[in-house]
Amino acid sequence: MAEKSFKYVIIGGGVSAGYAAREFCKQGVKVSYSKLVFLLFLQVAPYERPALSKAYLFPEGTARLPGFHVCVGSGGERLLPEWYKEKGIELILSTEIVKADLAGKTLVSAAGEIFKYHILIIATGSTVIKLTDFGVQGADAKNILYLREIDDADKLVEAIKEKKNGKAVIVGGGYIGLELSAALRINNIDVTMVYPEPWCMPRLFTAGIAAFYEGYYANKGVKIVKGTVAVGFNADSNGEVKEVKLKDGRVLEADIVVVGVGGRPLTTLFKGQVEEEKGGIKTDAFFKTSISDVYAVGDVATFPLKLYNDIRRVEHVDHARKSAEQAVKAIKSNEEGKTIDVYDYLPFFYSRSFDLSWQFYGDNVGDAVLFGDNDPASPKPKFGSYWIKDGKVVGVFLEGGTPDENKAIAKVARVQPPVENLDVLTKEGLSFACKI
Ligand code: FDA
Ligand code: NAD
């Protein structure tokens, strides 16, 4: 079987892989003697995944490739497939790696090709958790859809067209649940969300924050069923989903079901070969794993979060981009006998749906105080929350912020100013952040 050797191999063709490629070029990798390669499942060059749950599904102002190839998401140049060619980077598309031998520095594809490398960056990201994984009855019916890759988004677009003005049930109240409910509603689909928790996005939102979004979604016509889960599905004679059976006994009609019940980092290929922690591949502050010459970035990396003296895994795009850049800088500096600063990440998450847009920086631990206008019926709602731990602000959330206000909350989360009186902080609201 064909064998190819490369100096650097990135396994994965998602966000962090694309940003790593750009960083290799920025660092002046001499491609003539040190070829870089990507290995992908996909048909296409790396793109900004966040577009898939937003503008890709909109009826107007629709996003399509090549419009959102990396690195446009962070305001950079768009890396079109030609870019990789020009830079001497080989994109090996539609190739799944099925075996990784880290000791032997060898990868094997599903077609049996062998890839040798000197340095490996693992950027395999996450896969969706499926209801079929738990054996939920009828969960393999047609039109029960998930969203991770562009093919999944295409299936959703098709279903929206085919089931015009139909009914959708969204299973899950996290990121996918909230962004997809909005996208389907904008397409005039009748939407019901179902999730087990007492409020949406419990990983981040407090009850107060969630109450705003639940109210806003309700005003847009989205129905919300909380405190229960989907336990089965009924299909018609074509095998297409028709009903969602809930644990509490209710049955919901559905032409489309979208499931967003979380992601799972793709580490299986490396099991037993590399140290893992918190579900991911353990790295140092340069994204180096326990195996020499092997780095892990993006969703799969469990890394030291210096700011909180903790070890975390982060499933968001900003970290995917920055961890990739840090790993490549570390690789280059190592080769040149130099050192670089440790990764000092400030967690940053965001989302957009309907006319809403929020940003969060820092850590959502400690006491939370809500401030601002969080009336879902307000023409221009602007509100937020501070999280206070050990007398310091450690996290800030803001809905409807201007670019300057968002910069201000990022600064607060980084600086961690002291707070003596939570009532005063509530009253000061956003002006507290703007004066830091
Ligand atoms: P990513 O998933 O981007 O890429 C992994 C790649 O590896 C894929 O191309 C996969 O096919 C490939 N791969 C895996 N195993 C392989 C194998 N064995 N062989 C070959 N290739 C393999 N975040 C945020 O902060 N704001 C947002 O708005 C959004 N929006 C959003 C929408 C949707 C629909 C999703 C699914 C996710 C988001 N995210 C987000 C999360 C963000 O996109 C995510 O954290 C990053 O894409 C992670 O980047 P990675 O490079 O780690 O994985
Ligand atoms: P998530 O972890 O955000 O939410 C999962 C949700 O699933 C939980 O909040 C819960 O409500 C629900 N849930 C769990 N088990 C359930 C069950 N049996 N029945 C019904 N509901 C159940 O995960 P997600 O929304 O699926 O997102 C997947 C990945 O994509 C994550 O890594 C996420 O960070 C990423 N993503 C991020 C963004 C963003 O940052 N704006 C947008 C889209 C996706």
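Before moving on, here are some points about what is shown:
- Length gained on full extension, L307 to T106: 68.8 nm, using 0.36 nm per residue less the C-alpha separation.
- From helices alone, the chain scores -7000 deg cm²/dmol at 222 nm; the rule is -39500 (n - 2.57) for each run of n ≥ 4 DSSP H residues, then divide by the residue total.
- Ranked by how many other Cβ atoms sit within 10 Å of their own Cβ, fewest first, the residues H319, H118 fall in the order H118, H319.
- If you take the Cα centroid of segment 340-392 and the Cα centroid of segment 53-71, the two points sit 26 Å apart.
- For segment 332-371, the square roots of the Cα gyration tensor eigenvalues, ordered a ≥ b ≥ c, give a/c of at least 1.5 with a/b no greater than b/c, which places it in the oblate category.
- With neighbour counts taken as other beta-carbon atoms within 10 Å, the residues F68, F360 rank, fewest first, as F68, F360.
- Cα gyration tensor, the chain - rounded (a/c under 1.5), prolate or oblate: oblate
- Anisotropy class of segment 355-434 from Cα gyration tensor, a/c 1.5 cut: prolate
- Farthest towards the positive end of the charge dipole of the chain, among the residues Q359, A2, L246, is the Cα of A2, using unit charges on the Cβ of Lys, Arg, Asp and Glu.
- Residue exposure sequence - I340, I92 - by fewest surrounding Cβ within 10 Å: I340, I92
- Here segment 131-261 is assigned +1 on the Cβ of each Lys and Arg and -1 on the Cβ of each Asp and Glu. Its dipole about the Cα centre then comes out at about 420 debye.
- Signed unit charges on C-beta, dipole axis of the chain, positive-most listed residue A327, W387, V222: A327
- Each Cα pair under 8 Å and six or more residues apart adds its sequence gap; the mean of these over the residue count of segment 229-275 is a relative contact order of 24 percent.
- The trypsin sites (Lys or Arg not before Pro) found in segment 392-436 that occupy coil by DSSP, while having at most 14 further C-beta atoms within 10 Å, are K435.
- Filter on K130/K382; K85/K288; K116/K288 - keep pairs with C-alpha separation over 30 Å: K130/K382
- Qualifying GluC sites (Glu not before Pro) in segment 387-436, DSSP loop, other Cβ atoms within 10 Å at most 11: E420
- Straight Cα distances below 23 angstrom link K161 to the lysines K54, K142, K220, K223, K242, with same-chain residues fewer than 8 positions distant left out.
Quick note: the coordinates plus some simple rules give every number you see, no bench work behind them. No experiment lies behind these values; they were computed from the predicted model shown. Here Cβ is always computed from backbone atoms with ideal geometry, including for glycine, and neighbour counts include all displayed protein chains.
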